[in-house]
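Read the structure below first, then the notes.
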Amino acid sequence: MRLRNVPGAKETIIQSDFSIQEPKTYRGKWKEEFKNENPIHIEIGMGKGKFILEMAERNPEINYIGIEKYSSVLVRAVEKTENFEGENLRLIRMDAEEIEEVFAPEEVDRIYLNFSDPWPKDRHAKRRLTSARFLERYDHILAPDGRIMFKTDNRNLFDFSLEQIEEAGWILENYTYDLHNSKFNEGNVMTEYEEKFSAKGNPICRLTAYRHDL
Ligand code: SAM
């Protein structure tokens, strides 16, 4: 993602009813924040927010929290909330490295990782959001039957992720190397990157994984 300084981004984010300041103070209290017992689904690295906004519009019985590291990107998602009328969406500017400080054990029901940064150099592998190091963090915040769902057009990153999931002892519920031409495509909501890369003809890979065979 190319980053530009966006003048006024921080102010726009702070003024939005959808954005959360001091997210660590909500740890263990997210259901209170949403004022219901509905499941909580988060997207880590949501970019400009197309996916999470559309998911929140389609599924009012699920609470969605979008996480993005950079204000200059998050502000684009905040701008999109102008016509959003639901109460089931919150947006946070934070680094996923701190995810366990923002969510208590078992507080999250699903984690979406869409077109995560590939970090192609071996020495940066730990920064990949599907690395074993991150899977361990997700293990700590996900409900027992919680899922991670990961989409990408980057075959190397996808193959790395399949390996990491196996090594970490997670169970692959399903996966495909060509989501748009598979039975799993029904109800698929495209992200900004997904639209861009599938328009170029790149097949989209997707996997779903969980930890326990219930
Ligand atoms: N998910 C969007 C999509 O599919 O269109 C955006 C994909 S973009 C390649 C990856 C996004 O993840 C960027 O906006 C980046 O800033 C964000 N990101 C990368 N590492 C992150 C981290 N550690 N914590 C939070 N966000 C992160």
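A short reminder: the numbers here are calculations on the coordinates, not readings from a lab. Remember, it's a predicted structure, so these values are computed and weren't measured experimentally. Reconstructed Cβ throughout: ideal geometry from the backbone, glycine too, with neighbour counts over all protein chains shown.
The three principal axes of the Cα atoms in region 36-146 give end-to-end lengths of 43, 33, 21 Å, sorted in falling order.
Could you size up the charge dipole of region 1-150 around its Cα centre, putting +1 on the beta carbon of Lys and Arg and -1 on that of Asp and Glu, and report it in debye to the nearest 20? Could the numbers behind the result be given before it?
Working: 25 positive and 28 negative charges, 176 e Å.
Dipole about the Cα centre, nearest 20: 840 debye.
Here the relative contact order of the chain, from alpha carbon pairs under 8 Å that lie six or more residues apart, stands at 20 percent. Annotation for region 53-111: GluC sites (Glu not before Pro) lying in DSSP loop with at most 11 further Cβ atoms inside 10 Å of their Cβ are 61, 85. Shape class for region 89-198: rounded, because the ratio a/c of the largest to smallest gyration tensor axis (alpha-carbon atoms, square roots of eigenvalues) is under 1.5. Taking each DSSP H run with n ≥ 4 as -39500 (n - 2.57) and averaging over every residue of the chain yields -8500 deg cm²/dmol at 222 nm. For the chain, modelled as a Gaussian network with Cα springs under 10 Å, which listed residue fluctuates most, 197, 115, 150? For the chain, modelled as a Gaussian network with Cα springs under 10 Å, the answer is 197.
Where in region 153-209 are there trypsin sites (Lys or Arg not before Pro) that are in a DSSP coil and have at most 14 other Cβ atoms within 10 angstrom of their Cβ? Don't jump to the answer; show the numbers that get you there.
On the way: sites: 155, 183, 196, 200, 206; in loops: 200.
Here the trypsin sites (Lys or Arg not before Pro) that fit, given the DSSP loop and packing criteria, are 200.
Restricting the count to DSSP beta bridges whose residues both fall in the chain, what percent are antiparallel, rounded to a multiple of 5? Here the antiparallel bridges make up roughly 30 percent for the chain.
By its C-alpha gyration tensor, with a ≥ b ≥ c as the square roots of the eigenvalues, how is the chain shaped: rounded for a/c under 1.5, else prolate for a/b larger than b/c, else oblate? Rounded.
Take the alpha carbon gyration tensor of region 1-79, find the square roots of its eigenvalues, order them as a ≥ b ≥ c, and report rounded if a/c is under 1.5; if not, report prolate when a/b exceeds b/c, else oblate. Taking the square roots of the gyration eigenvalues as a ≥ b ≥ c, region 1-79 is prolate.
Quick check: Cα centre of region 185-214 to Cα centre of region 12-67, how many Å? Between the Cα centre of region 185-214 and that of region 12-67, the gap is 21 Å. Mean sequence separation of contacting Cα pairs (under 8 Å, at least six apart), scaled by the length of region 29-130, corresponds to a relative contact order of 31 percent. This model, with +1 at the C-beta of Lys and Arg and -1 at the C-beta of Asp and Glu, gives region 96-214 a dipole about its Cα centre of some 520 debye.
Residues whose amide H comes within less than 5 Å of that of residue 91, counting only those at least five positions distant or on another chain, are 19, 20, 66 (H built at 1.01 Å from N in the peptide plane). Taking the Cα centre of region 42-109 as origin and assigning +1 to Lys and Arg Cβ atoms and -1 to Asp and Glu Cβ atoms, the resulting dipole is close to 460 debye. Taking 19 Å as the straight-line reach from the Cα of residue 35, the lysines in range (excluding those fewer than 8 positions away in the same chain) are 24.
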